[in-house]
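Colleague: First the structure, then my questions, so here it is.
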Protein chains: 4
Amino acid sequence: MKKFHKIINDPVYGFITIDDELIHQIIQHPYYQRLRRIHQMALAHLVYPGAVHSRLHHSLGAYHLMRITLQELINKGIDISIKEQQSAKIAILLHDIGHGPFSHALEHSLAGKLHHEELSLMMMTSLNEQFQGQLQMALDIFTNKYPKKFLHQLISGQLDLDRMDYLTRDCFFTGVNEGLIGYDRIIKMLTVHNGELVVEEKGIYSLEKFLIARRLMYWQVYFHKTVVSAEQMLQRIIKRAKEIKASCAEPLHSFLNNENVISIEQFCKIDDFDVLMAIKSWCNHDDKVLSFLCNAIIDRQLLKVRYFTEPVDQKLIEEKRDLAKINHHLSEKELDWLVFVGEASSRTYDFEKDPITILYKDGTLKDIALVDNALINQNLNGVVKKYYICYPK
Amino acid sequence: MKKFHKIINDPVYGFITIDDELIHQIIQHPYYQRLRRIHQMALAHLVYPGAVHSRLHHSLGAYHLMRITLQELINKGIDISIKEQQSAKIAILLHDIGHGPFSHALEHSLAGKLHHEELSLMMMTSLNEQFQGQLQMALDIFTNKYPKKFLHQLISGQLDLDRMDYLTRDCFFTGVNEGLIGYDRIIKMLTVHNGELVVEEKGIYSLEKFLIARRLMYWQVYFHKTVVSAEQMLQRIIKRAKEIKASCAEPLHSFLNNENVISIEQFCKIDDFDVLMAIKSWCNHDDKVLSFLCNAIIDRQLLKVRYFTEPVDQKLIEEKRDLAKINHHLSEKELDWLVFVGEASSRTYDFEKDPITILYKDGTLKDIALVDNALINQNLNGVVKKYYICYPK
Amino acid sequence: MKKFHKIINDPVYGFITIDDELIHQIIQHPYYQRLRRIHQMALAHLVYPGAVHSRLHHSLGAYHLMRITLQELINKGIDISIKEQQSAKIAILLHDIGHGPFSHALEHSLAGKLHHEELSLMMMTSLNEQFQGQLQMALDIFTNKYPKKFLHQLISGQLDLDRMDYLTRDCFFTGVNEGLIGYDRIIKMLTVHNGELVVEEKGIYSLEKFLIARRLMYWQVYFHKTVVSAEQMLQRIIKRAKEIKASCAEPLHSFLNNENVISIEQFCKIDDFDVLMAIKSWCNHDDKVLSFLCNAIIDRQLLKVRYFTEPVDQKLIEEKRDLAKINHHLSEKELDWLVFVGEASSRTYDFEKDPITILYKDGTLKDIALVDNALINQNLNGVVKKYYICYPK
Amino acid sequence: MKKFHKIINDPVYGFITIDDELIHQIIQHPYYQRLRRIHQMALAHLVYPGAVHSRLHHSLGAYHLMRITLQELINKGIDISIKEQQSAKIAILLHDIGHGPFSHALEHSLAGKLHHEELSLMMMTSLNEQFQGQLQMALDIFTNKYPKKFLHQLISGQLDLDRMDYLTRDCFFTGVNEGLIGYDRIIKMLTVHNGELVVEEKGIYSLEKFLIARRLMYWQVYFHKTVVSAEQMLQRIIKRAKEIKASCAEPLHSFLNNENVISIEQFCKIDDFDVLMAIKSWCNHDDKVLSFLCNAIIDRQLLKVRYFTEPVDQKLIEEKRDLAKINHHLSEKELDWLVFVGEASSRTYDFEKDPITILYKDGTLKDIALVDNALINQNLNGVVKKYYICYPK
């Protein structure tokens, strides 16, 4: 009998192979196809025009990395059953299924109290029902209830395949080549020790490189000042629209006005396109703040941003307010929407939880932060935090 | 004085440099920024998930190729003034400014009688007014009125920089690496002879390769059966919506219902997002045909396609109609919308007009189709045509 | 038990995996290690400075392609035993083991009557003995005696993995990106039908592209006029040295003077380094012709080359002889060594033997040259031949 | 008049342009062409089969980076005359001209007291004479006597173009993609402040990345244990050959035996090929140590290596000596040649001299090690040192 076999062209990895009927059906499901309409990097394409890739593309990529990682582990003699393989692949394929419009950028503005991982869980549970329980093991792996911990660690941890794909992919589509990580080498260095994911000694430099590349991507790309500006404006647009009860097309309209009763069905109806269309429609809104912000996004006339290592000086804020007041004829209250401060922070490595563990040839284990001549050590311990101010030109 | 200088990350070429204030202002203009919201490859991303790049990105890329090409030609001693350089760059930057939603896929459905090149011309004329006539030379180059013919040939011809960028870029974002052309080598082989663009003898194989790569991209990617299916469905959605006067959000609604009076202002308000949102809103429309097609696009449950080298057999059409009638309970009239035939055709090289000319070291000139041992010769002369049928599963 | 597992970094494919102890031992064998000292592209690096890769690297690459191809075929349900897999990998690993110094460039000058494939066979036979018959099946596959013909076809044919690797690799190291072939896509399209290797219908354009890329590599790179010049000079150096019995260091000296009694042991002692050192040592030789040619190679002051589509005009030859005579004070006899003509020829596709066969979905088979709208058809049938003259500046 | 214009294919940068007649003549000079026969990475290709690129290729690459860097600086308004441009390009083209066989690996074994930079200087001085003083300014820049310090800093410093090319190129040819640096972005961030090379604020993360990539390349590639083993063996071969006055072919023979009187002419006659041929010839030498080491290099049967963070335990050394004694029947004296210890050390950033300076938008200057949240700070200050032992299997 001919095996099920589909290939998808991927500029990052060449070809992604789908060779399991159930996985193919999940990919075909409207819940999953909806991820085509959610940008992986929200509005970062306003700075990096190539960064228009979708969350569907990212999760297919993470699935691919899972596929080759499991094969590597099996080649090393790790016992992973066919069902476990299928489940781990499904779990990573669906790890972002709960993302709403503009993902992280709007996470707390739109879906209210619900974190995207909770939504992912709700949706996976629903899919599990629709597929007659065939996703149960995937759910267990996703929620870390499955005994083989390393399967969960491949999906969620400081060295998971989600990170490996998004760093690789974001760096590919933005063209920031220096963010490149050696995902293929890291994967070849992975192994399992006492049921936990560990990295062979020879992988130390690749790991350091991976953590530093992530640091670079955060500060150079994800927190690029223009990106931060755009995403802050996006959040304020939604907040303002709710506040003044600005109307827009359905189903977003109801969604903005009754967030208490989100059903999965409702949630799945909205995506980046709904939000962007609402923004287009508000460009001529009577509310000065709303129309200002919406036009600014659509025509890419973004707020200016400046970063500081200390909290922004109150005098600078006042100065920018005064200027904006004169140039844009805004009330004090309106000014709060267009001149504001914020913080960006990221940590290169979390020393407290979920460590990356090195397995030495002699069997000893060490945290990556504790190896000899570690690059990643206490001096990177603290969260790096920067302060910014946004204001109109 | 500090020169104007901006760089944009491009995964295809590394960095794109903007070092002219006027060009920067044009890029900032809402007409140009709108191209962010038009996919370069319409719905091809339903097959190639990476192919989500925008027409803005493509035209920036073509601008970049113009920039390096002009520099090469100047290095070879060709006389090109500063103003001519600026104008050629502006002309190619704006060559696609008149593209509407989903570009070619909807060109004849939406904007009615107007070809995108006419719209580009209208919009460039409008921009020329807004910029106090500074774009006049760019307009003359674009419309081939400028005496130095080679500048126009770089923008529109069988070897123009538009093609070089879109082939390179589409191949990059789809991941179809074999479509790669040696754009950098071809550019180094370009020169000017009697005011016309010609290619040095050493570039023959690169040119053949370029034409063959284009052939491959047409038949493997642009006419991929699933892409053809999606784009045919898209056209039928618009046609059906007009026919039954399906309502949708403004400004698309007026646009669909009064196409006679398109003003540039109106035209610029719509983009891929408007069309896609309308499609989402019609998923629950009462009209069976419209809702069928709309759901099919949104959930990627596309019509099946089969290609033939001869016109589709009438019996096969009947068979598919009968099947669709039973499975989807459709009237004869409705069937016409879901079971249909069409043709795809492309030519590798046009032997009649606008030849690619080789300049030999001894000064003789030859059409690329007439060089010794030409790969591109009469046997490729005819248009390659294929016939397809689309039908529901 | 821990499986045998080594990885080798390859800039072309990322990582090459060796997971079989016998294969590892063969790679470790001095016969194989010797291939490190034979350039894959002879003297092409005089034009393409990056083209210094070795024949060892190429054969490792071909081995890698075999490894992934066998995996693909197995995934498609083709039956290939563990032993057959091992043997096919060994056969391709050793397909070039019989190459002497500067491979093809010196093939007929040095090893006299023996073709490199005969030498490969002799050496494989010797290795088979050294490894107690474990290479017998590999030998049978190599000599096409093994019943599963497709295994031999993967090693030697118009679509073999040898070609796929050398085109890919040569194009990578020369930097001639336009020669890139879609080896990964072609491999995914391979299948087996009645024991023969065939290509699925969807691979047609990739195959055409592959054949055209090969054509480009031949005429742009392998027959680049400076490469031809250098390799012709190399051949004449060896011929002249033999003729005048110029002495050089052992073991090359004996080799040049008693070619009748080549033992494998003797043959394995010499490589590119011996020949190049002899050339260096002859730079001050009394023989004018020999020292002229040797200095020309070492200092890269090569003979000039001109190509023609017709046999070189006798008058031009005379003219160049006269000029060389005056400038370099050469006798008539000496002139024959420095002013000479030759032919280069290659065929894009051989229509007679060993066709590339397409398998259509409906089960029909067609030669790639006979598909609809074939690019590769009778007009490419003839061998393309060019004529050149070499002469001193 | 037609300008001088040659292009060279480079897989790393695409094309390298030579558009200056003098530079072309220097490249054609036998001193420069000799660099084709010196491996950039000595014996690293025994681990990374692709790493066979030559020092000629590297210096052409560094020249290319100089060419684009000067253009960037000029675009930013920095004053650099035509002559200065030519001279800076020549200086970097020749920066490695004094490298002997196997470069650093044999630097102290072969050329005795002379450092390769002194030899480079001697050879540049000789070339300056041969070219009638046209290289004087290049010499001044190379020796840091030229007033515009930044030109020297581009050639020699912690952020010079030599490093940028060799990291980029070595990482390309080894296939260690994670070593990739953003050379193009760093170059775009370079500027000149008070005559010194500085980096714009936006380049901080790229610089950190550059330093970390260099760290990775050192420990993962340059100090890879097998590479260290091979290079240590190479040094011992030369030392042993000198000690026992082993004979080999000229000109290496005289060179090994009278190192006091090195003339440039003599020095230029030898390259990697001479040394490797001598090694081949010594494979059957009566001296057990010499033939053991030579065979080990030729057949790639290298000494084993183990790394430690502390000096190697004396007991381990004894144990390995005892084992080698028994297995290889060696005297105590001979054992010293085959069982030995050593140190490898590198520093990520030198805090003392030649700092990398950041220029902030407000005009302040800071050492890269002193910026906020610096990754490169005191904890990387110390030299990282490792200890190794080599011993026979």
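The values are calculated or read from the model by the stated rules, or taken from the named source; none is laboratory data. All of these numbers come straight from a predicted model, not from anything done at the bench. We place every Cβ from the backbone using ideal geometry, glycine too, and count neighbours over all the protein chains shown.
Colleague: Determine whether the stretch B:107-117 contains at least one residue that is outside the structural domain of B:Leu256 (by TED's automatic domain parsing), buried (at least 21 other Cβ atoms within 10 Å of the Cβ) and in contact with an Asp or Glu (Cβ under 9 Å, 6 or more places away or on another chain).
Modeller: Yes, that holds for at least one residue.
Colleague: Sort through A:Phe173, A:Phe150 and tell me the only one that's modelled with pLDDT of 95 or more, in contact with a His (Cβ under 6 Å, 6 or more places away or on another chain) and in a helix (DSSP H, G or I).
Modeller: The match here is A:Phe173.
Colleague: Still on this structure, I have one more. How many residues, within the stretch B:188-197, are closer than 25 Å to C:His224 by Cβ and surrounded by fewer than 23 Cβ atoms within 10 Å (Cβ to Cβ)? Break it down into steps so the answer makes sense when it comes.
Modeller: At the first step, the residues of the stretch B:188-197 found to be closer than 25 Å to C:His224 by Cβ are B:188-191, B:193.
Filter once more, so that each one left must be surrounded by fewer than 23 Cβ atoms within 10 Å (Cβ to Cβ): B:189-191, B:193.
The number of residues fulfilling the criteria is 4.
Colleague: Among the residues of the stretch C:374-393 satisfying the criterion of being part of a loop (DSSP other than H, G, I, E, B) and of a type in the set (Val, Ile, Thr), which is modelled with the lowest pLDDT?
Modeller: Restricting to residues being part of a loop (DSSP other than H, G, I, E, B) and of a type in the set (Val, Ile, Thr), the top hit is C:Ile376.
Colleague: Let me ask you something else. Name the single residue that is farthest from the other protein chains (Cβ to nearest Cβ) among those in the stretch C:323-340 being surrounded by 18 or more Cβ atoms within 10 Å (Cβ to Cβ) and not in a loop (DSSP other than H, G, I, E, B).
Modeller: Once the filter is applied, the top-ranked residue is C:Leu335.
Colleague: Looking only at the stretch A:260-283, which residues are over 18 Å from A:Ile38 (Cα atoms) and surrounded by 15 or more Cβ atoms within 10 Å (Cβ to Cβ)?
Modeller: A:Ile262, A:Ser281, A:Trp282, A:Cys283
Colleague: Under 8 Å between Cβ atoms, at least 6 apart or on separate chains: pull out the pairs that start in the stretch A:44-61 with a residue that is closer than 23 Å to A:Ala88 by Cβ and at pLDDT 95 or above and end on any residue that is among the acidic types (Asp, Glu) and surrounded by fewer than 24 Cβ atoms within 10 Å (Cβ to Cβ).
Modeller: As it stands, the answer is A:Arg55/A:Asp96; A:His57/A:Asp10; A:His58/A:Asp96; A:Ser59/A:Asp96; A:Leu60/A:Asp10; A:Gly61/A:Asp10, since those pairs meet every condition given.
Colleague: Here is a check on your reading of the model: is C:Ile358 within 14 Å of chain D (Cβ to nearest Cβ), crowded, with 18+ Cβ neighbours inside 10 Å and not basic (Lys, Arg)?
Modeller: no
Colleague: Separate question: When you scan the stretch B:153-211, how many residues do you find that are free of Cβ contacts under 8 Å to residues at least 12 places away in the same chain and in contact with a helix residue (DSSP H, G or I) (Cβ under 6 Å, 6 or more places away or on another chain)?
Modeller: The qualifying residues number 1.
Colleague: Can you name every residue in the stretch B:181-210 that is within 9 Å of chain C (Cβ to nearest Cβ) and not in a helix (DSSP H, G or I)?
Modeller: B:Ile181, B:Gly182
Colleague: Ok, one more. Kindly evaluate C:Leu127 against the criterion of being part of a helix (DSSP H, G or I), touching a residue at least 60 places away in the same chain (Cβ under 8 Å) and over 29 Å from C:Tyr222 (Cβ atoms).
Modeller: yes
Colleague: Take A:Phe308 and tell me if it is touching a Lys or Arg at 6+ places or on another chain (Cβ under 8 Å) and closer than 21 Å to A:Leu119 by Cβ.
Modeller: When the stated conditions are applied, A:Phe308 does not pass them.
Colleague: Give me a count of the residues in the stretch B:65-99 that are in a helix (DSSP H, G or I) and either within 15 Å of B:Leu35 (Cβ to Cβ) or out of contact with any strand residue (DSSP E or B) (no Cβ under 9 Å at 6 or more places or on another chain) (or both).
Modeller: 18
Colleague: Just give me the residues in the stretch A:227-248 being surrounded by 17 or more Cβ atoms within 10 Å (Cβ to Cβ) and either touching a Lys or Arg at 6+ places or on another chain (Cβ under 9 Å) or at positive phi (or both), in sequence order.
Modeller: Those that are surrounded by 17 or more Cβ atoms within 10 Å (Cβ to Cβ) and either touching a Lys or Arg at 6+ places or on another chain (Cβ under 9 Å) or at positive phi (or both): A:Ser229, A:Ala230, A:Ala246.
Colleague: Then there's this: Within the stretch D:352-373, identify whether any single residue is under 29 Å from D:Ser281 (Cα atoms) and of a type in the set (A, V, I, L, M, F, W, C), and answer yes or no. Step through it out loud before you land on a result.
Modeller: Looking only at the stretch D:352-373, we keep the residues that are under 29 Å from D:Ser281 (Cα atoms), and these are none.
There is no residue in the stretch D:352-373 that is under 29 Å from D:Ser281 (Cα atoms) and of a type in the set (A, V, I, L, M, F, W, C).
Colleague: Now for a different question. State the number of residues belonging to the stretch D:21-58 that are hydrophobic (A, V, I, L, M, F, W, C), under 15 Å from the mean Cα position of the chain (by Cα), within 9 Å of chain C (Cβ to nearest Cβ) and assigned to a helix (DSSP H, G or I).
Modeller: Total satisfying the criteria: 1.
Colleague: Here is a check on your reading of the model: is B:Leu216 surrounded by 15 or more Cβ atoms within 10 Å (Cβ to Cβ) and in the same structural domain as B:Asn177 (by TED's automatic domain parsing)?
Modeller: yes
Colleague: Could you list all residues from the stretch A:1-35 that are hydroxyl-bearing (Ser, Thr, Tyr) and closer than 29 Å to A:Glu265 by Cα?
Modeller: The first filter runs over the stretch A:1-35 and keeps only residues hydroxyl-bearing (Ser, Thr, Tyr), leaving A:13, A:17, A:31-32.
Of everything in the stretch A:1-35, those that are hydroxyl-bearing (Ser, Thr, Tyr) and closer than 29 Å to A:Glu265 by Cα turn out to be A:Tyr31, A:Tyr32.
Colleague: While we're here: Answer with yes or no whether B:Ile16 is in a strand (DSSP E or B), at pLDDT 95 or above and assigned by TED's automatic domain parsing to the domain that holds B:Asn128. Please lay out each step first, then the result.
Modeller: Details: in a strand (DSSP E or B): yes; at pLDDT 95 or above: yes; assigned by TED's automatic domain parsing to the domain that holds B:Asn128: yes.
Yes, satisfied.
Colleague: Could you tell me how many of the residues in the stretch B:334-358 are acidic (Asp, Glu) and touching a residue at least 60 places away in the same chain (Cβ under 8 Å)? Even if it seems obvious, please write down each step before you answer.
Modeller: Our first condition is that a residue be acidic (Asp, Glu); within the stretch B:334-358, this holds for B:334, B:336, B:343, B:350, B:352, B:354.
If we keep only those that are touching a residue at least 60 places away in the same chain (Cβ under 8 Å) as well, we get B:350, B:354.
Total satisfying the criteria: 2.
Colleague: When only residues in the stretch B:159-180 that are of a type outside the set (Asp, Glu) and more than 14 Å from chain C (Cβ to nearest Cβ) count, which is farthest from B:Leu43 (Cα to Cα)?
Modeller: B:Leu159
Let's see how each residue does on (1) within 20 Å of D:Asn194 (Cα to Cα); (2) at pLDDT below 95:
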residue: D:Phe340; (1), (2): no, no
residue: D:Ala344; (1), (2): no, yes
residue: D:Asp362; (1), (2): yes, yes
residue: D:Ile368; (1), (2): yes, yes
residue: D:Asp372; (1), (2): no, yes
